[in-house]
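Since the structure comes first, as structure tokens, the remarks are kept for the end.
Derivation of every value follows stated rules applied to the coordinates shown; laboratory data play no part. Please read all numbers here as calculations on a predicted model, not as lab measurements. Because the Cβ atoms are built from the backbone with ideal geometry, glycine has one as well, and the counts that use them run over all protein chains shown.
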Amino acid sequence: MSFAETYDFFSPEAVWNSRAFLHRMRTEDPVYWSAQFRGWVLTRYTDVLAAARDRRLVSPPATGWLDRLPAELKPRFQPARDALRFWAGLSGEQDHLDFQRALKKYFTPAQMDRLRPRVQRLTSTLLAETRDSEVLEVVEELARPLSASVIGELLGLPVEDRALLLRWSTDINSFFQHADLESLHRGQRSLLEMQDYMRPLIEERRRAPREDLVSVLVSQQEGFFAREPEAVVANCVMLLFSGHETTSRLISSGLLLLLEHSGQQALLRERPELMPSAIEEMLRWEGPTSGMTRVSREPLELGGRRFGAGETFVLVYRAASHDPEAFPEPDTFDITRQPNRHLSFGMGAFACLGSALTRMEAEVCFQALLEHLPGLRAAFETPDWVPLPPLNRRLRSLRVTGRRKA
């Protein structure tokens, strides 16, 4: 068996049993050359943290698996490549810093406290809409519509367009996984449709600004958004996509963890002040993203090795967040874990801007679910996971029961 086959990131084990797969890699070859990624895979906490903080490592262009297509197919997806290259965080460090500078004050913990009552009302409304059913389908009836509604409201989008935004977001995800051609075509179509949807709204905000994030982006007088008008369109799409996907996955996978660990669920009910700590443990256990790719712009040392400029590195956050050197008993789900310095939202210049929003939405949602479902239990035999190789997966549905009697 070849070395590459030993660590096959597209194997069933890598998706369905990623913790064991990554534990093995971290033990046997923590700085591993992968022909599949054409780069070095980092799995130790110290190495991933150092790489995430290193300003000599930058994001590659955001064209994902499109770069791996045969040359004759690449022209078909040039429109998607043109759009994705403007996504902040994936277009260059300075562009990302401009993006952070423009929006950071709108995602502070204090701002989240002001937004919390609105998220509580949205959550209550969604749960009330399903009160006549004994079973709650958490993914489609709560997690996805809640997260889409919140980010849509921050951007100032009409609530009646929520279903469209959800469909587009699902399709666009194909660019960030190993997708077939049909999925890539569907993703490109949805990406372009979402951009076309945003353009008239952006022009409207130029003429008549409102208190929303679209207005903030179009008002920038210098930097990335002033220099590249198309960047406003692209990053409105990026905010819609990432702002909804991250939160909806955390809510659904986090609730599954509470179903699978009944003792921890009971502890959380007994001690609701543990909710913030519980959410951090959910993020550590099965964060919304498994990792990020970086490229060295100058020579550097990582993991005790020297590397030249132009090398690709895959920072596997999920592996780092289960490293026993950083997390005692890493395969134990423990909502009291302290400290819990997981890397699910990244670190350094490219850390996730919306992490406070995701945490707040999840906290509100879990508080409501535990109150609304005092007898919370699964209404399924096995979890309905969808594989998203490499390493990722998401819940297609999560049916639960145990509602409070009227």
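Which of the following values of volume of the Cα convex hull per residue in Å³ was calculated from the structure shown: (1) 175; (2) 257; (3) 148? Of the labelled values, this structure produces (3).
If I stretch the segment between ALA163 and ASP196 completely, what's the gain in nm (0.36 nm per residue apart, minus their alpha carbon distance), one decimal? Numbers along the way, then the final one.
Values: separation 33, 0.36 × 33 = 11.88 nm, distance 1.62 nm.
So the chain would gain 10.3 nm between ALA163 and ASP196.
Rounded to the nearest 20, the size of the Cβ-charge dipole of region 190-266 about its Cα centre is 140 debye, with Lys and Arg at +1 and Asp and Glu at -1.
Here the ratio of the Cα radius of gyration of region 334-406 to 2.2 N^0.38 Å is 1.43.
Projecting label points 7 angstrom from Cα along Cα→Cβ for ALA35 and GLN338 puts them 4.9 nm apart.
Take every Cα pair under 8 Å whose residues are at least 6 apart in sequence, average their separation, divide by the length of the chain, and the relative contact order is 26 percent.
Residues TRP33, TRP40 in ascending order of nearby Cβ atoms (within 10 Å, fewest first): TRP33, TRP40. The percentage of C-alpha pairs in region 280-396 whose separation is greater than 21 Å is 54%.
Give, rounded to the nearest 20 debye, the magnitude of the charge dipole that the chain has about its Cα centre when Lys and Arg contribute +1 at Cβ and Asp and Glu contribute -1 at Cβ.
Details: 52 positive and 55 negative charges, 122 e Å.
With Lys and Arg at +1 and Asp and Glu at -1, about 580 debye.
Label separation (GLU329 vs GLU381): 3.3 nm, computed from points 7 Å beyond Cα along the C-beta direction.
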